[in-house]
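A short worksheet on the structure shown next.
Coordinate-derived values only; no laboratory data. This one's a predicted model, so the numbers in the text were calculated from it and none came from an experiment. Don't worry about glycine lacking a Cβ; one is built from the backbone with ideal geometry, like all the others, and counts go over all protein chains shown.
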Amino acid sequence: GKFVYFFSAGRTEGGAGDKKLLGGKGANLAEMTTLGIPVPPGFTISTEVCTYYYANGNKYPADLQAQIDKGIAELEAAIGKKFGDKANPLLVSVRSGAPVSMPGMMDTILNLGLNDETVAGLIASTGNARFAYDSYRRFIQMYGNVVLGLKHHDFEHILDGLKKSKGVTEDLALDAEDLKKLIAEYKVEVKAKIGRDFPQSPKEQLMGAIDAVFASWMNDRAITYRKLNNISEALGTAVNVQSMVFGNMGDDCGTGVAFTRNPANGERKFYGEFLMNAQGEDVVAGIRTPLSIEKLGEKMPEALKELHSYADKLEHHYKDMQDIEFTIERSKLYMLQTRSGKRTAFAAIRTAVEMVDEKLIDEKAALKRIDASTLPSLLAKIFDEKEKKEVLAKGLVVATGLPAGPGAASGKIALTAEKAVEWAEKGVKSILVRVETSPEDISGMHSSEGILTARGGMTSHAAVVARGMNKPCIVGCSALEVDYKTGTVEFNSGTAKAVKMKEGDHISIDGFTGQVLNASLNTIPSELEQVFVTKTLPMEKSLLAQQYARIMQWSDQYSRLKVRTNADTPEDAAVARSYGAMGIGLCRTEHMFFAEERIAAMREMILSSSLEEREKALAKLLPYQRADFKGIFSAMEGLAVTVRLLDPPLHEFLPHEEAQIEELAKAFGKTSQYVHKKMDDLKEFNPMLGHRGCRLGVTYPEITAMQTRAIIEAAAELLKEGKKVFPEIMVPLVGHFKELANQAKVIRETADAVMKEKGIKVEYALGTMIEVPRAAVTADEIAEHAEFFSFGTNDLTQMTSGFSRDDSEHYLPYYIEKGIYPQNPFQVFDWEGVGKLVEIAIEKGRKTNPKIKLGVCGEHGGDPASIGYCHRVGLDYVSCSPYRVPIARLAAAQAAL
Ligand code: ADP
Ligand code: MG
Ligand code: MG
């Protein structure tokens with residue numbers, strides 16, 4: 001087979017369409033070459049070799065070596081240098097490149113081909129000894145690290161030692177002699193660590209580097225990254241072998257990275273950073289502080305002009321914002337990489353909309369460009385800009401970490417999850433500050449305003465969980481030291497004065513930038529919330545809001561799936577509506593019974609020992625319920641509202657403390673023994689499988705009757721006021737069609753009676769949740785009694801997989817780590833397992849009731865991947881929490897495109 005694909009100005013064997021075979025980097029290097037952009041020539045070893053390597057016990061196809069040799073020979077011919085030559089050596093870089101971009105996840109080696117002899121050739125051919133030795137010592141360092149398994153630190157401390165002995169701080173202050181000495185010391189270090197000499201044969205070096213790149217496909221970093229980004233292991237990486245160009249030859253050289261538009265806010269303005277006299281990773285590694293790209297114009301105006309023209313060319317060619325890497329060797333510009341630029345949600349919205357206006361892309365392409373899962377950052381709380389500026393001016397930034405979860409938060413430092421929970425119960429806001437987090441910290445993370453950890457990367461436990469919870473989060477804050485024993489923290493970045501703080505002190509974190517502030521800043525609603533919800537900012541003043549509105553309008557235009565919201569109060573309903581909810585898919589009624597004056601009546605109902613007593617108590621609840629429904633129906637005027645009848649086990653409404661129990665007994669003229677007896681009766685071993693859902697209605701039909709009455713009366717009153725309302729009554733936890741038939745009879749009779757009393761006809765629908773596996777497999781029978789099904793995917797997952805919704809986080813993370821489940825099935829719907837039941841229910845339901853309306857309520861209704869599934873299986877709508885409505889609208893459109 002063919003495994004090696006060449007690219008040079010004279011002959012190119014691949015292009016942008018070959019990403020699967022050549023990886024993104026290789027495919028784009030070939031494409032740029034074809035476009036006439038100066039790219040150092042090279043060749044790409046295809047991903048098929050990677051697949052072969054792992055399928056055959058880390059062995060290569062038999063004729064690979066010959067193809068690589070041929071590639072090197074062709075490369076030598078193309079640039080007129082020879083690999084391993086003592087007079088004018090060819091040097092190459094060996095670069096990984098997977099079909100899907102995994103920035104920084106795998107390893108790259110530069111300056112390969114240098115040894116004790118070729119370094120002399122490099123000096124001879126360039127007349128620059130400092131540069132040649134600098135390249136050689138970089139090579140030993142990278143190769144030693146990536147291929148030979150030495151630690152970065154093994155070399156750094158030698159380098160630091162040398163700089164110290166010379167009394168300098170910068171690498172650039174070392175001269176040729178120093179670097180020569182450094183190389184000798186590096187080689188000693190290598191021999192000490194691996195027991196043999198640093199390999200001198202360029203051919204051996206090359207095969208070692210290729211091995212290392214293929215091996216890096218399975219390193220921990222890469223595996224974690226793939227898991228988090230849902231990238232298939234089967235893709236494999238390609239390896240690019242490319243002739244070197246040098247940014248470290250002197251002051252007419254440099255290297256940098258740039259974006260064709262601003263990746264933070266999307267502004268159409270060339271954005272980038274570079275370093276003079278530097279190579280490769282120096283810019284990203286943060287050894288020296290890079291200069292902004294405009295400065296390149298002062299030093300090498302021609303190079304900048306050229307860079308602009310290539311950037312434009314590439315953006316027009318790929319029709320997307322590009323992230324490019326370049327190097328300048330003796331004033332000549334070379335392009336080393338281009339790819340679609342990663343961007344914030346803010347930038348994604350702006351670039352997508354503006355590219356449509358520039359006629360670069362169409363609306364559909366614009367919608368596909370935006371990662372729906374990043375939209376929560378648009379709605380995250382922010383700091384007041386003026387206030388933050390003042391705090392910054394006062395120098396109150398004590399550290400900067402990795403911005404792992406967007407949003408602004410401030411509160412008291414809590415060093416344990418328990419503390420955060422305790423404070424939250426008292427209404428005290430906290431920031432959970434930890435070295436790192438683990439599953440035991442979940443409740444504390446929930447209770448805090450934001451999370452700050454000293455360790456961990458963008459994919460650490462803290463980062464992943466925080467994003468799932470939509471909490472501002474900063475991880476990897478290396479300046480932070482936490483001392484749990486003394487309850488103190490210290491921020492010591494080494495540059496400014498160290499700052500000591502203790503548990504209970506106020507801090508603020510900016511999850512957009514990673515800044516930790518020694519101040520208590522106010523947080524305010526996001527720009528979009530100000531425009532759409534609080535209406536404190538006019539639309540004309542917010543470019544973001546205008547552009548976001550266009551994206552949402554296009555989304556609704558191209559999607560089939562409707563988006564409803566889960567809301568229990570008129571306030572939530574109104575918020576969801578301003579984000580575009582097209583109805584309520586789940587209005588839970590149990591929350592309505594907890595308010596002070598209502599819980600008494602609820603408890604009275606529960607404690608009743610006769611139907612008569614119970615009806616008396618229910619009569620007290622009726623007006624409250626009716627008023628609640630009127631509020632919600634009004635907020636959703638013109639749209640459907642699905643009301644779920646009482647669902648949780650009754651004991652959840654009872655008090656726990658003895659004093660409360662006695663008080664309760666007194667209030668209802670019972671003995672406390674009676675109350676205790678009643679409570680014992682209600683106790684269950686498995687409350688989630690207990691006396692709840694429609695089982696309550698079956699045993700106490702008067703509850704169903706009261707709730708139905710409240711719904712129909714509320715609707716009737718609003719209809720009389722001329723308002724349009726569409727109530728849908730939903731019976732929970734049905735497993736047998738006779739349960740639904742039983743409840744339907746109560747509902748219909750009550751509704752008929754109310755309509756007769758009120759003298760008005762109320763259009764309402766009657767349906768059920770499908771959340772018990774038995775219901776799914778007998779959906780044909782159930783559908784004969786239902787006008788709609790709403791899949792309660794939380795309970796359905798719990799009951800089908802046998803994972804508790806409430807405490808499975810103790811073991812589920814291990815399941816995910818071990819690859820047993822790809823993701824938490826409560827977050828991303830398990831369509832291979834639980835999904836089968838949904839598919840059965842859809843098919844059976846439609847068979848006996850072709851007009852049945854089908855939707856999903858539950859966490860999954862707001863998850864983009866799950867929404868894609870809902871679209872594919874043909875559901876009519878999803879229902880999600882108010883703040884996830886925009887995500888769901890976009891995801892619904894993406895599923896349809
Ligand atoms: P990553 O995928 O981590 O970005 P790359 O393979 O792009 O790794 O390499 C990182 C950097 O190394 C590049 O941005 C470039 O500056 C430098 N580099 C790679 N190949 C060459 C080359 N042939 N000549 C000069 N510099 C190179
Ligand atoms: Mg790169
Ligand atoms: Mg349920």
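Run the quick spin-label model on Asn230 and Leu611: label points 7 Å from Cα toward the beta carbon, then report their separation in nm to one decimal. Here the answer is 5.3 nm between the modelled labels. The label-point distance for Arg560 and Ala66, in a model that sets each label 7 Å from Cα toward Cβ, rounds to 5.3 nm.
In the stretch 769-897, the convex hull through the Cα atoms has an average projected area of 8.0 nm², a quarter of its surface area.
Can you give me the convex hull volume of the Cα atoms of the stretch 513-647, divided per residue and expressed in Å³?
For the stretch 513-647, the hull spanned by Cα atoms encloses 196 Å³ per residue.
In the chain, the longest principal axis of the Cα atoms and the axis of helix 543-558 are about 70 degrees apart.
For the stretch 4-243, the fraction of alpha-carbon pairs lying more than 28 Å apart is 35 percent, rounded to a whole number.
Where both residues lie in the stretch 4-243, what percent of DSSP beta bridges are antiparallel, nearest 5? Can you show the working numbers first?
Working: 19 of 21 bridges.
Around 90 percent antiparallel, to the nearest 5.
Backbone N atoms of the stretch 736-753 closer than 18 Å to the 7 Å Cα→Cβ label point of Leu622 belong to residues 746-753.
Gain on full extension, evaluated as 0.36 nm per residue between Val435 and His591 minus their Cα-Cα distance, stands at 52.5 nm. Placing a label point 7 Å from the Cα of Lys851 along the Cα-to-Cβ direction, the residues of the stretch 633-659 whose backbone N falls under 20 Å of that point are 639-643. Against the chain, whose longest principal axis is taken from its Cα atoms, helix 345-357 shows a tilt of about 80°.
Counting other beta carbons within 10 Å of each Cβ, put Tyr60, Tyr674, Tyr225 in order, fewest first.
Numbers: Tyr60 18, Tyr674 14, Tyr225 21.
Ascending number of Cβ neighbours within 10 Å: Tyr674, Tyr60, Tyr225.
Please compare each pair in Lys381/Lys535; Lys70/Lys180; Lys180/Lys305 to a cut-off of 26 Å on the Cα-Cα distance and tell me which ones are over it.
Working: Lys381/Lys535 15 Å; Lys70/Lys180 33 Å; Lys180/Lys305 37 Å.
From the list (Lys381/Lys535; Lys70/Lys180; Lys180/Lys305), the Cα-Cα distance tops 26 Å for Lys70/Lys180; Lys180/Lys305.
Apply the a/c threshold of 1.5 to the C-alpha gyration tensor of the stretch 380-523 and tell me whether it is rounded, prolate or oblate. Rounded is the answer for the stretch 380-523, as its axis ratio a/c remains below 1.5. Within the chain, the percentage of alpha carbon pairs spaced more than 40 angstrom apart rounds to 50%.
In Å³ and rounded to a whole number, note down the convex hull volume per residue for the Cα atoms of the stretch 27-111. If you can, show how the numbers build up before the last one.
Details: hull volume 11.0 nm³, N = 85.
Dividing the Cα hull volume of the stretch 27-111 by its residue count gives 129 Å³.
For the stretch 442-566, a/c is not less than 1.5, where a ≥ b ≥ c are the root eigenvalues of the C-alpha gyration tensor, and a/b tops b/c. That puts it in the prolate class.
Take the Cβ-Cβ distance between Ala498 and Lys269 as r, set R0 to 22 Å, and report the resulting FRET efficiency rounded to the nearest 0.05.
So, using R0 = 22 Å, E works out to roughly 0.05.
Angle of helix 176-194 to the longest C-alpha principal axis of the chain, folded into 0 to 90 degrees and rounded to 10: 60°. For a straight C-alpha distance cut-off of 27 angstrom, the lysines reachable from Lys844 (same-chain residues fewer than eight places away being disregarded) are Lys562, Lys738, Lys745, Lys836, Lys853.
Determine the alpha carbon to alpha carbon distance for each of Lys25/Lys227; Lys723/Lys758; Lys295/Lys332; Lys181/Lys497; Lys20/Lys151 and list only those over 24 Å.
Values: Lys25/Lys227 21 Å; Lys723/Lys758 16 Å; Lys295/Lys332 17 Å; Lys181/Lys497 36 Å; Lys20/Lys151 32 Å.
Table pairs above 24 Å Cα-Cα are Lys181/Lys497; Lys20/Lys151.
Pairwise inverse Cα distances across the stretch 693-733, averaged and inverted, put the Kirkwood hydrodynamic radius at 11.2 Å. For the stretch 260-394, the share of alpha carbon pairs falling in successive 10 Å distance bins from zero is 11, 34, 31, 21, 3 percent. Entry note, the chain: relative contact order of 8 percent, from Cα contacts under 8 Å with a spacing of 6+ residues. Near Asn248, the amide H atoms lying under 5 Å from its own belong to Ala278; only residues 5 or more places off or on other chains count, and H is placed 1.01 Å from N. Using a simple spin-label model with pseudo-atoms 7 Å out from Cα toward Cβ, Leu897 and Lys313 lie 2.8 nm apart. The HN-Hα couplings worked out from phi for the stretch 364-370 by the Karplus form 6.51 cos²θ - 1.76 cosθ + 1.60 (θ = phi - 60°) are 4, 4, 4, 5, 5, 6, 9 Hz, whole numbers, x standing for Gly and Pro. Size check on the stretch 614-773: the Cα extents along the three principal axes, sorted descending, read 51, 38, 26 Å.
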